[in-house]
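Here's the structure we're looking at; comments come further down.
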Amino acid sequence: MSKVFMFDALRAATDEEMERDLTVCVIGEDVGHYGGSYKVTKDLHSKYGDLRVLDTPIAENSFTGMAIGGAITGLRPIVEGMNMSFLLLAFNQISNNAGMLRYTSGGNFTLPLVIRGPGGVGRQLGAEHSQRLEAYFQAIPGLKIVACSTPYNAKGLLKSAIRDNNPVVFFEHVLLYNLQEEIPQEEYLIPLDKAEIVRKGEDITILTYSRMRHHVIQALPVLLNDGYNPEVLDLISLKPLDIESISISVKKTHRVLIVEECMKTAGIGAELIAQINEHLFDELDAPVVRLSSQDIPTPYNGSLEQATVIQPHQIIDAVKNLINSSNIVTT
Amino acid sequence: MLSAFARHAATGARQAAATPRAMSVAGTPGLMSVTGMRFKSRMAAAEEAKPDTPLRPLEETETYDLPAFKTHRMDLGGLPTSTTASGAQLQEYFESMYRMRRMETKADELYMTGHVRGFCHLYNGQEAVAVGVEAAVSYEDYLITAYRNHCQQLARGDTVEAVLSELTGRVTGCSGGKGGSMHLYKPENRYFGGNGIVGAQGPLGTGLAFAAKYQGTKNVAISMFGDGAANQGQIFEALNMAQLWRLPIMFMCENNRYGMGTSTARAAASGDFYTRGDYAAGLYIDGMNVLAVREGIAYAAERCRSGEGPVYVEVDTYRYKGHSISDQGTGYRTTDEVQSMKASRDPIDQVKTMLVDGGWATLQSLKGVERSLRKEVDAAVKFATEAPQPPPEHLWKDVLSPSASGESVVRGTLVTKGGKVGTPL
């Protein structure tokens with residue numbers, strides 16, 4: 001075991017896969033000589049050269065398209081969005097080419113592609129650099145979407161994503177790169193489509209992902225102290241949702257709280273509640289509650305920014321309300 | 001795997017034949033700009049002159065003057081002013097182009113009779129581009145284009161049956177009925193479609209060239225787009241990367257003068273598309289002359305293979321039909337313009353003239369070839385209207401590729417006849 005930062009875990013995953021398979025390459029802005037704006041690709045270019053760790057001009061639409069073109073010939077590109085927000089410029093390539101080429105060709109193409117980068121609300125980065133795109137992409141057919149949240153799952157998931165033969169949108173979070181954790185030195189892979197059980201419990205299922213996992217964890221000591229026993233699932237896989245693991249949990253707890261960083265409107269929670277309604281309606285003792293970010297552009301001011309996303313005290317209140325009363329308070 | 005054309009081009013084109021006759025067809029004043037009537041009456045006169053002359057052996061060649069190229073940041077003197085072609089090559093070009101013309105005409109009919117729906121963009125008039133490209137490169141080289149792509153599917157080795165039954169949405173279509181007119185692909189011959197969003201194939205094509213360079217091969221990529229797409233930002237982004245990294249790619253603009261209903265004069269600040277690569281080399285080719293396309297593309301491909309970087313190729317061409325079936329093609333241009341292009345620059349007529357004047361064929365013999373090609377296409381039409389539909393479960397097939405953990409599950413429901421929602425998959 002060794003203690004690593006999240007960005008190091010991601011770098012190790014990339015390095016190991018590039019060494020193992022010559023078709024794996026990295027494409028993005030400042031990934032090479034600069035070392036990556038979050039150090040995920042630090043020093044890889046001196047090991048693998050300028051072609052396998054390719055510094056691109058600022059042209060997200062076309063370098064994402066270029067990566068897709070490479071993928072359909074058999075390369076395995078990893079596209080880095082310096083911030084995932086910038087990849088909105090490549091939405092057409094991601095949706096209409098990456099998502100669709102296998103289907104429209106009647107299965108003639110395999111599209112092994114990873115699109116990774118940081119998103120989420122940071123520390124006063126301003127609205128355009130604080131976006132959460134996971135819900136925007138969730139509807140697109142032909143994509144897989146995962147969100148890592150710890151150094152351990154980041155490494156195992158990225159390796160799996162690189163080896164998967166489908167386009168995988170891989171969400172990291174700006175504030176989680178400096179998380180540290182002990183991870184195994186031996187190679188390990190984590191399946192892309194399985195939720196992670198963070199804590200087993202009995203009286204409520206908390207579904208969360210990415211940075212909000214850590215806000216849920218921060219809420220746990222108070223909840224445990226006050227006699228509550230939540231089960232916490234980190235979704236990991238945002239597309240497809242691991243409804244199987246969710247079902248096992250809900251059949252035990254009968255109450256669900258969703259804690260997400262995306263906006264409430266048309267967010268991940270919206271899809272979760274719809275699926276829970278379809279599969280697990282009879283198991284519920286209360287409506288599913290979702291705690292989501294405000295439906296606003298993220299303000300620059302620090303306190304306002306804090307109020308934009310869900311904080312641990314709100315999680316504590318929501319758990320208590322859901323378990324105690326029949327009057328469900330939602331934010 | 002070499003295409004049939006490439007084999008011919010490699011062996012026949014640039015060597016003098018045993019008995020060369022430097023007959024300059026293109027150089028004869030007025031011949032290449034005859035009106036339709038003059039062409040027909042001249043052909044009839046040729047028929048009368050030699051009623052029973054045996055046909056010339058197909059391996060014999062002629063030398064033809066080429067219409068002028070134009071270059072940008074490239075030495076014009078490097079391009080050929082004439083080229084040699086054998087009867088066999090010309091016959092092959094004729095058959096391919098005629099087959100394409102018939103297929104597109106039949107696709108039009110199939111649309112009018114309701115067998116083809118949605119969008120259908122026809123290539124009538126542009127055949128020399130598709131055929132000339134394949135005469136210049138091989139199936140080791142990559143090709144990608146936009147939605148006016150039926151003929152590229154043929155040129156890259158697929159059958160009329162596979163194309164037409166894709167248009168009719170049958171399971172025998174080259175994309176299993178799942179793609180339709182704009183999504184035809186032949187990956188084993190390095191043809192990547194077939195793309196519906198204007199200009200988005202530019203970056204994809206750049207990726208094909210990137211793969212060639214990444215893998216250290218001498219293959220080139222040809223990324224085709226129209227005069228309308230030439231104004232897309234992503235084409236300029238792609239050019240920048242291609243020039244920066246010296247990617248072996250031809251960005252090939254098929255300038256048929258109209259982006260749907262808008263002429264180039266009304267859409268492009270500069271109509272000299274071959275110069276719009278700016279810092280990148282450019283080449284202008286008369287796209288109605290299959291030999292000019294062949295020689296121009298071969299030249300540009302060699303330059304790309306040498307590692308000098310991209311070439312922005314403009315082929316001057318013309319579409320007789322509208323942008324797509326829903327467009328009459330007359331609202332924004334005169335019928336005179338269309339008719340005079342057909343009469344004076346039709347790519348198939350040009351090759352027919354060469355074949356007849358060269359003594360390899362007569363009007364009669366060519367009629368025989370046309371008849372058999374029509375029969376071939378008619379049989380494919382019958383096939384396409386009778387082939388089976390894809391089964392319902394193909395709805396969810398090939399959304400994702402199989403992964404290490406097995407076949408990926410795609411959620412879906414199939415409403416049964418009773419109106420009940422089926423089990424979510």
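Observations on the structure shown:
- Qualifying residue in segment B:366-384 (condition: in a helix (DSSP H, G or I), in contact with a Ser or Thr (Cβ under 6 Å, 6 or more places away or on another chain) and in contact (Cβ under 8 Å) with a residue 24 or more places away in the chain): yes
- Apart from one condition, B:Ala361 fits all of (1) over 30 Å from A:Ser95 (Cβ atoms); (2) surrounded by fewer than 19 Cβ atoms within 10 Å (Cβ to Cβ); the exception is (2).
- B:Asn219 vs. criteria among the polar types (S, T, N, Q), closer than 15 Å to B:Cys120 by Cα, within 11 Å of chain A (Cβ to nearest Cβ) and outside any strand (DSSP E or B): no
- Number of the exception - B:Ser181 against (1) over 23 Å from B:Lys375 (Cα atoms); (2) crowded, with 24+ Cβ neighbours inside 10 Å; (3) among the hydroxyl-bearing types (Ser, Thr, Tyr): (1)
- Of the strands (runs of 3 or more DSSP E) lying entirely inside segment A:137-253, those carrying at least 2 residues that are over 25 Å from A:Val121 (Cβ atoms) and in contact (Cβ under 8 Å) with a residue 40 or more places away in the chain are A:180-183.
- Every condition in (1) closer than 24 Å to A:Gly267 by Cβ; (2) assigned to a helix (DSSP H, G or I); (3) away from chain B (no Cβ under 11 Å); (4) modelled with pLDDT of 95 or more holds for A:Ser85 except the one numbered (4).
- Check on B:Ala269, free of Cβ contacts under 8 Å to residues at least 24 places away in the same chain, assigned by TED's automatic domain parsing to the domain that holds B:Pro54 and outside any helix (DSSP H, G or I): yes
- When residues of segment B:184-210 are limited to those that are modelled with pLDDT of 95 or more and within 18 Å of B:Ser165 (Cβ to Cβ), the one nearest to the other protein chains (Cβ to nearest Cβ): B:Tyr185
- Candidate set: segment A:88-132, residues that are touching a Phe, Trp or Tyr at 6+ places or on another chain (Cβ under 7 Å), part of a loop (DSSP other than H, G, I, E, B) and among the small types (Gly, Ala, Ser); chosen: the one nearest to A:Met263 (Cα to Cα): A:Gly126
- The residues on offer are B:Val377, B:Val356, and the sole one that is within 30 Å of B:Gly177 (Cβ to Cβ), buried (at least 16 other Cβ atoms within 10 Å of the Cβ), at pLDDT 95 or above and assigned by TED's automatic domain parsing to the domain that holds B:Gly132 is B:Val377.
- Filter pass, B:Glu140 being surrounded by fewer than 24 Cβ atoms within 10 Å (Cβ to Cβ), part of a loop (DSSP other than H, G, I, E, B) and either outside the structural domain of B:Ile249 (by TED's automatic domain parsing) or charged (D, E, K, R) (or both): yes
- Count of segment A:112-130 residues, restricted to those that are surrounded by fewer than 23 Cβ atoms within 10 Å (Cβ to Cβ) and at pLDDT 95 or above, is 1.
- Residue that is touching a helix residue (DSSP H, G or I) at 6+ places or on another chain (Cβ under 8 Å), touching a residue at least 40 places away in the same chain (Cβ under 8 Å), of a type outside the set (Ser, Thr, Tyr) and away from every other protein chain (no Cβ under 14 Å), where the choices are A:Glu128, A:Glu80: A:Glu128
- Within segment B:174-183, considering residues that are at the interface with chain A (Cβ under 8 Å from one of its Cβ atoms) and either free of Cβ contacts under 8 Å to residues at least 24 places away in the same chain or polar (S, T, N, Q) (or both), the one nearest to B:Leu239 (Cα to Cα): B:His183
- Helices (runs of 4 or more DSSP H) fully within segment A:1-82 counting 2 or more residues that are of a type in the set (D, E, K, R) and modelled with pLDDT of 95 or more: A:6-20, A:44-52
The values are calculated or read from the model by the stated rules, or taken from the named source; none is laboratory data. Nothing here was measured: the structure is a model prediction, and the numbers come from that model. Every residue, glycine among them, receives a Cβ derived from its backbone with ideal geometry; neighbour counts consider all protein chains shown.
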